[in-house]
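Data block below; observations after.
The values are calculated or read from the model by the stated rules, or taken from the named source; none is laboratory data. Note that the structure is a prediction, hence the values are computed from the model and not measured. As a convention, Cβ positions derive from the backbone with ideal geometry for all residues, glycine included, and neighbour counts pool all protein chains shown.
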Amino acid sequence: MAKRSVLGLYIEEDSAADALDHLRDAGFQDHEYEILTGTPYPEGTFGEAEPQHHLYRWPIFGALTGFTISLFYTSITQAAYPILTGGKPVLAIPAMMVILYELTMLGAVIFTIIGIIFESRLPRFFMGAYSEKITEGYIGVTVTTEEDRTDKAEEALKKAGIDGEIIRGWE
Amino acid sequence: MLEHTQLTDKELNDELLRDILTMPKWWLPAVLFLATIVITGYSAFGYMVFNGLGVTGLNRPVFWGFFIANFVFWIGISHAGIMISAILRLTQAEWRRPITRAAEVMTLFSLAAALHTPLFHVGRPWRVFYWIFPYDFSRGIWPNVKSPFVWDPSAVGTYLIASTLFVIVCLIPDLAILRDRAKNKITKFIYAQLCLGFRGTTRQWKLQIIAGILLSALVLPIFVSVHTVVSWDFAVLIGTEGWRSTIFGPYFIIGAVHSGVSAVAMLMALSVWIYGLQNYIKPDHFDAIARLLIVVATTWFFFFFLEWVWAMFTLESPEIALRELQVGPWPWGPLFGIFVITSFVIPVPLWMFRRFRRNAAIMFFTTILVNIGMWLERFLIVIPSLMRRSHLTFDWGSYSPSLIEILIVLETFAFVALGMLLFAKAFPLVPVFDMKEGMRNRHLIKVGRRIIPATIREGLPHHYYNKEHHK
């Protein structure tokens, strides 16, 4: 069944937290509703579930990738065009260290950025139920559920005292 | 930070996005003026490519001149962004909020300006690609990874890519605000695409906060490595007096921090005057950065002193001759005097006084002085050492920049200013969402008979807070 989203806007943090309580009482699961805010709030402000992520794995994987690429780059180029300098080995490890270090860090940063975007569930092509008032300080509680449960969701949102009307959107 | 102007989210949006969504009268003339200097600089570069490096003042034995001194200078300025932004983010210093974005953006344009000059310096910039990328399979010639000229692009390139991505990620929530505020449909569409559909869910904010801290932690080691590698352009060369020094790595880093943080203070003053950000950048902010500058400047001076002590301690006659050249004859002696006076002797004593630290005009003046001095420092490191590089007196020489070099160096300054202006026209220079968070977390509390501002510390993990709902 197609999913729809409904959004209720609140001025006060407590009202938004109440809306989440009402949604839970109405049988909605944690993954069905989200809090939308214009600024970060301390975790748990609205009694919402803690979002789980694996961001910390991304830089490690990126660093390993960067290190591998830089190892190939530095060793293969030296081996392909061997210049003996002062009777020292062709593979000059102290000189390679600079490039190994930089590209390892570059890999870590690039993968971290990809990780942040991926773990943030971005890019999002359809906004669903959304209001521009959110970036003006309103707190939005959005419920994404089957079409036949939207009335129940709207009722729960209204119970907490929404500001204005319910906003509806398609997922 | 005691000084504070409490504003609502709507007021913050209106004030901080005003110059983006409308066109200030001064903007176009300023952009045209700077663009003219940039185009003149590029024309000078075109002339140089057409006629060869003979149009510069570079000649045997001084093959590094204005371009390389300018390169080191801009790399130094670029260190401001990460120094201010990353360290203050990691320590969760409240006063970082209004200045992080501008400092980070200055890093980007300074790095781009820094990359200009060595590219121009080589005369045929496209040949640089042969040095860096292993792509010329037909000729079998590969990059020499033992050379600092491969280390440099890898370090500076890494720093540029990392800083750019850092700025973009931290910009996403503000792009969402711009998407919501834009009136024009095309503008709205562009911002909607750029913000990737950011809505401000709990998950997205959590990752934004972690991103700020994690990326700061990742970029800081890069920041340290970049200027060290730049210093090795000099320090690994055998037989050039004044360059082959073990202290060059940290000396260059602290010099970069000195000029970079000064540039941030200068930018803060300009932001107050040009963009009217007095509600956000208060005398308290100038006070804080000036205190930081005192520490940085004194540490830099200590390293400068040590560099001289260790150079002179050996009592080697070529080294002593070089130092005499740096402080004695015209124009090096007077330039050396200006360098020491402007980068330390005038600013640091002034920063000792609270009323000067809190004065935007004085801070602007002193930090401009620091950067004049720090530019001269790089010039004095590069040129005199090369003038006496050979021990045979008939091979000694001097250097004076040509008009072409002066125009190209001026272009880099105009380029950075133009880049900042164009950026500020499209994106907020003050992180709007960060300011909103700071406003929301700030409360007045009564302690005894005084009412003082208190701030809730942000970014604490979920388990820190009461989780009654989940028990």
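Please work out which one of (1) touching a helix residue (DSSP H, G or I) at 6+ places or on another chain (Cβ under 8 Å); (2) more than 26 Å from B:Val169 (Cβ to Cβ) is the condition A:Thr150 fails and give its number.
Going through the list (1) touching a helix residue (DSSP H, G or I) at 6+ places or on another chain (Cβ under 8 Å); (2) more than 26 Å from B:Val169 (Cβ to Cβ), A:Thr150 breaks only (1).
Working only within region A:107-133, note down all residues that are at the interface with another protein chain (Cβ under 8 Å from one of its Cβ atoms), more than 30 Å from A:Glu147 (Cα to Cα) and either in contact with a Phe, Trp or Tyr (Cβ under 9 Å, 6 or more places away or on another chain) or among the aromatic types (Phe, Trp, Tyr) (or both).
Residues satisfying the conditions are A:Ala108, A:Val109, A:Thr112, A:Ile113, A:Ile116.
Tell me the residue from B:Arg96, B:Arg89, B:Arg139, B:Arg127 that is free of Cβ contacts under 8 Å to residues at least 40 places away in the same chain, under 30 Å from B:Gln278 (Cβ atoms) and not aliphatic (A, V, I, L, M), please. If you could, list the steps in order and put the result at the bottom.
On the way: B:Arg89 fails: free of Cβ contacts under 8 Å to residues at least 40 places away in the same chain; B:Arg139 fails: under 30 Å from B:Gln278 (Cβ atoms); B:Arg127 fails: under 30 Å from B:Gln278 (Cβ atoms).
Only one candidate passes the filter, namely B:Arg96.
Output the residue which, of all residues in region B:222-237 that are part of a helix (DSSP H, G or I) and more than 16 Å from the chain's Cα centre (by Cα), is farthest from B:Pro153 (Cα to Cα). Step through it out loud before you land on a result.
Here is the first cut: in region B:222-237, the ones part of a helix (DSSP H, G or I) are B:222-235.
Still in the list and also more than 16 Å from the chain's Cα centre (by Cα): B:229, B:231-235.
Working: B:Val229: 10, B:Ser231: 13, B:Trp232: 13, B:Asp233: 11, B:Phe234: 15, B:Ala235: 17 Å.
Ranking the candidates gives B:Ala235 first.
Any residue at all in region B:130-148 that is assigned to a helix (DSSP H, G or I) and crowded, with 21+ Cβ neighbours inside 10 Å?
To start, the set of residues in region B:130-148 that are assigned to a helix (DSSP H, G or I) comprises B:130-132, B:148.
Cutting the leftovers down to crowded, with 21+ Cβ neighbours inside 10 Å gives us none.
The answer is no, given that none of the residues of region B:130-148 is assigned to a helix (DSSP H, G or I) and crowded, with 21+ Cβ neighbours inside 10 Å.
Can you confirm whether A:Gly47 is out of contact with any Pro (no Cβ under 6 Å at 6 or more places or on another chain), of a type outside the set (A, V, I, L, M, F, W, C) and either touching a residue at least 60 places away in the same chain (Cβ under 8 Å) or more than 7 Å from chain B (Cβ to nearest Cβ) (or both)?
On the way: out of contact with any Pro (no Cβ under 6 Å at 6 or more places or on another chain): yes; of a type outside the set (A, V, I, L, M, F, W, C): yes; either touching a residue at least 60 places away in the same chain (Cβ under 8 Å) or more than 7 Å from chain B (Cβ to nearest Cβ) (or both): no.
Against the criterion (out of contact with any Pro (no Cβ under 6 Å at 6 or more places or on another chain), of a type outside the set (A, V, I, L, M, F, W, C) and either touching a residue at least 60 places away in the same chain (Cβ under 8 Å) or more than 7 Å from chain B (Cβ to nearest Cβ) (or both)), A:Gly47 does not qualify.
So which residues in region B:17-42 are part of a helix (DSSP H, G or I) and at pLDDT below 85? I'd like the intermediate steps shown before the answer.
Pass one, region B:17-42, residues part of a helix (DSSP H, G or I): B:17-21, B:27-42.
Those that are part of a helix (DSSP H, G or I) and at pLDDT below 85: B:Arg18, B:Asp19, B:Ile20, B:Leu21.
Taking region A:23-44 as the region of interest, how many residues are of a type in the set (Lys, Arg) and within 7 Å of chain B (Cβ to nearest Cβ)? Walk me through how you get there before you give the answer.
If we filter region A:23-44 for residues that are of a type in the set (Lys, Arg), which is where we start, we get A:24.
Filter once more, so that each one left must be within 7 Å of chain B (Cβ to nearest Cβ): none.
Result for region A:23-44: 0.
When you go through (1) in a loop (DSSP other than H, G, I, E, B); (2) crowded, with 24+ Cβ neighbours inside 10 Å one by one for B:Gly57, which number turns out not to apply?
Among (1) in a loop (DSSP other than H, G, I, E, B); (2) crowded, with 24+ Cβ neighbours inside 10 Å, B:Gly57 violates only (2).
Determine which single condition B:Phe365 fails, assuming it passes every other condition in (1) closer than 30 Å to B:Arg60 by Cα; (2) surrounded by fewer than 20 Cβ atoms within 10 Å (Cβ to Cβ).
Among (1) closer than 30 Å to B:Arg60 by Cα; (2) surrounded by fewer than 20 Cβ atoms within 10 Å (Cβ to Cβ), the lone unmet condition for B:Phe365 is (1).
Please identify the pairs in which a residue from region B:317-338 that is of a type in the set (Asp, Glu) has its Cβ atom under 9 Å from the Cβ atom of a residue that is modelled with pLDDT under 90, counting only partners at least 6 apart or on another chain.
Filtered contacts from region B:317-338: B:Glu319/B:Glu241; B:Glu319/B:Gly242; B:Glu319/B:Ala311; B:Glu319/B:Met312.
In the list A:Val90, A:Val141, which residue meets the criterion of being over 21 Å from B:Leu160 (Cα atoms) and either surrounded by 21 or more Cβ atoms within 10 Å (Cβ to Cβ) or within 9 Å of chain B (Cβ to nearest Cβ) (or both)?
Among A:Val90, A:Val141, only A:Val141 is over 21 Å from B:Leu160 (Cα atoms) and either surrounded by 21 or more Cβ atoms within 10 Å (Cβ to Cβ) or within 9 Å of chain B (Cβ to nearest Cβ) (or both).
Report yes if B:Ile172 is surrounded by fewer than 16 Cβ atoms within 10 Å (Cβ to Cβ), facing chain A (nearest Cβ under 9 Å) and of a type in the set (Val, Ile, Thr), otherwise no.
no
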